[in-house]
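Novice: Take this structure first; my questions come after.
What follows is calculated from the coordinates using simple rules that are stated; it is not laboratory data. This is a predicted model, so every value here is computed, not measured. Methodologically, a virtual Cβ is constructed for each residue, glycine included, from the backbone with ideal geometry; neighbour enumeration extends over all protein chains shown.
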Amino acid sequence: MDFEYSPEQEAFRKEFRGWLEASLPPDLCLDDAADDRVASDRETFERRCLWQKTMHAAGWVGISWPKEYGGRGSTLIERVIWEEEYTAARAPVLPANMGLNLVGPTVIAWGTDEQRQRYLPRILNADEVWAQGFSEPNAGSDLANLQTKAVDKGDHYLVNGQKVWTSGAQYAHWILLLTRTDPDAPKHKGISAFLVDLKTPGITVRPLVLATGHQHFNEVFFEDVKVPKANLLGPLNQGWKVSTTTLMHERHSAGGRNNVAQVARLIELAKTLAHDGRPAWDNPIFRQKLSQLAIDCEAFKYTRLRGLTRQLRGEPPGPEGSILKLTGSELGLRIAEVAGDLLRMHALVNAPSAAVPDAPRWFNRIIAARQYTISAGTSEIQRNIIGERVLGLPKG
Ligand SMILES: Cc1cc2nc3c(=O)[nH]c(=O)nc-3n(C[C@H](O)[C@H](O)[C@H](O)COP(=O)(O)OP(=O)(O)OC[C@H]3O[C@@H](n4cnc5c(N)ncnc54)[C@H](O)[C@@H]3O)c2cc1C
């Protein structure tokens, strides 16, 4: 593993960092208390869309998309540098995040030329924001059990059914929808993917509110929704393969953004917060817990770099994808648990206190950390994948 960056890569970092310093409005930078993936209100969403347009005009969106589809065609390392700088600047997750990271790459892989021309530029410029319509009430881990139907009506498909946990659908214009098109085929083989305009009559989006009060995701109902035949993505009844492309990109982009910064802040807090009349840092149990979290962050970093090295060498994806998804989200949960033990009453109210000015951040983290162990494939499912496909253990 080579930890040095080439002069070109350093120049790329400097250029992006300089551009962010000059262009990123400070009031757009993430408020740590807020959920950083779906905007908390429409006004924030609209401002983030304008920000994405500014970034796109300067050539900083779709960094790893091929140039022929409007991207920058950057190398993998440049994409990593882009992410490091973007996170360090505390810039907001781009509103077209789902389109840029999941739907766009799926359309590039499976779309017709017309579909690529129609959809990709609008994703890059935040003119159209996408949602991912995969999960249903009885189809999450067992996604192939999905029941939303699309019936061939000659010149269109008629869609009926329900999706759930659809992140950001309250703002989205389009949805990548998985449907059952052949109810008689084995369950993985009768699925098709569609690109569906969320303004089509018959679609209802209903919010689901998280325990933090934030509206992250939604239920989406489809009642006699007419979807043009041209909106089929990939071949009919090959939707499972299409969805595998999407999920591969999703697991790659899943995982905590700032675990190291969180642990560093907890260490600072432990030195000032009193437990039994002395700073918590004087208690060897706290020091041990915090040291373990710092060690786990380092282990996570090197596992990530090992995966990156493999990709750079053009080797097939290794076990790192599932290991990173599993350990990243479980580490986030452990950080939240230690934060709760350390902050005690300060973590119970969603308001700053003199001792912990950033208490709302921790209130939200502690409540929200578990969601990462569920989204993009639960921890149990990741363990199954590691056990069966990586370690070659017998199926349970
Ligand atoms: C924050 C968040 C955002 C999300 N956003 C989206 C989105 O935008 N679009 C979308 O389509 N979906 C989205 N999801 C849904 C997510 O993909 C599902 O929640 C996830 O796949 C789990 O499915 P489920 O909730 O139906 O749980 P289930 O599959 O019903 O699982 C329930 C429990 O059983 C365990 N389990 C299930 N099967 C097995 C097994 N074979 N072996 C061992 N244990 C098992 C699970 O690990 C879990 O603990 C989101 C979820 C969250 C939390």
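Novice: Which entries of LYS53/LYS229; LYS163/LYS395; LYS149/LYS229; LYS187/LYS325; LYS67/LYS163; LYS153/LYS199 have Cα-Cα distances beyond 23 Å here? Mind dumping the intermediate values first?
Specialist: Details: LYS53/LYS229 31 Å; LYS163/LYS395 29 Å; LYS149/LYS229 14 Å; LYS187/LYS325 26 Å; LYS67/LYS163 34 Å; LYS153/LYS199 20 Å.
In this structure, LYS53/LYS229; LYS163/LYS395; LYS187/LYS325; LYS67/LYS163 lie more than 23 Å apart at Cα.
Novice: Counting helices only, and only those DSSP H runs with n ≥ 4, report the 222 nm mean residue ellipticity of the chain as the sum of -39,500 (n - 2.57) divided by its residues, in deg cm²/dmol to the nearest 500. Mind showing how you got there, number by number?
Specialist: On the way: 11 runs with 164 residues, N = 396.
Calculated at 222 nm, the ellipticity per residue is -13500 deg cm²/dmol.
Novice: For the range 334-396 and the range 113-159, what is the centre-to-centre distance using only Cα atoms, to the nearest Å?
Specialist: With the range 334-396 and the range 113-159 each reduced to a Cα centre, they are spaced 30 Å.
Novice: Excluding residues fewer than 8 places away in the same chain, name every one of the aspartates and glutamates whose C-alpha is closer than 16 Å to that of LYS189.
Specialist: ASP142
Novice: Helix 113-124 versus the longest principal axis of the chain: what angle, 0 to 90°, nearest 10, using Cα atoms?
Specialist: That helix lies at roughly 30 degrees to the long axis.
Novice: Who wins for biggest fluctuation among ALA58, ALA96, ALA368 in a Gaussian network model of the chain, springs between alpha carbons below 10 Å?
Specialist: Residue with maximal mean-square fluctuation among ALA58, ALA96, ALA368: ALA58.
Novice: For the range 1-90, what is the charge dipole size about the Cα centre, in debye to the nearest 20, if Lys and Arg each add +1 at the Cβ and Asp and Glu each add -1 at the Cβ? Intermediate results must be reported in sequence, preceding the final value.
Specialist: Numbers: 12 positive and 19 negative charges, 79 e Å.
Value, rounded to 20: 380 debye.
Novice: A further question follows. Could you put ARG79, ARG48 in order, starting from the residue whose Cβ has the fewest other Cβ atoms within 10 Å?
Specialist: Details: ARG79 14, ARG48 22.
The fewest-first ordering by Cβ neighbours comes to ARG79, ARG48.
Novice: Separate question: Return GLU4, GLU298 ranked ascending by Cβ neighbour count within 10 Å, so the fewest neighbours appear first. Don't skip to the end; give the middle numbers.
Specialist: Values: GLU4 6, GLU298 10.
Neighbour counts put them in this order, fewest first: GLU4, GLU298.
Novice: For a Förster distance of 30 Å, can you work out the FRET efficiency between the beta-carbons of ASN237 and ARG206, rounded to the nearest 0.05?
Specialist: Working: r = 30 Å, r/R0 = 0.99.
Between ASN237 and ARG206 the formula returns 0.50.
Novice: Oh, and also: Among all the lysines, which ones have a C-alpha under 21 Å from LYS289's C-alpha, if same-chain residues fewer than 8 places away are not counted?
Specialist: List returned: LYS271, LYS301.
Novice: Return the equivalent ellipsoid semi-axes of the chain as a descending list in whole Å, where each equals the square root of 5 times an eigenvalue of the C-alpha gyration tensor. It would help to have the intermediate numbers written out before the result.
Specialist: Working: eigenvalues 264, 120, 103 Å².
Computed over the chain, the values are 36, 24, 23 Å.
Novice: Please check: in the Gaussian network model of the chain (C-alpha springs, under 10 Å), which one of LEU331, LEU305, LEU120 has the largest mean-square fluctuation.
Specialist: Result for the chain, Cα springs under 10 Å: LEU305 fluctuates most.
Novice: Can I ask one more? Can you give the angle from 0 to 90° between the axis of helix 239-253 and the longest principal axis of the chain, with both taken from C-alpha atoms, to the nearest 10?
Specialist: 20 degrees
Novice: What is the order of LYS229, LYS187, fewest Cβ neighbours within 10 Å to most?
Specialist: Values: LYS229 13, LYS187 16.
Neighbour counts put them in this order, fewest first: LYS229, LYS187.
Novice: Follow-up question, since we're still on this one. Which one of ALA355, ALA270, ALA336 has the biggest mean-square fluctuation once the chain is modelled by GNM with Cα springs under 10 Å?
Specialist: Judging by the Gaussian network model, the answer is ALA355.
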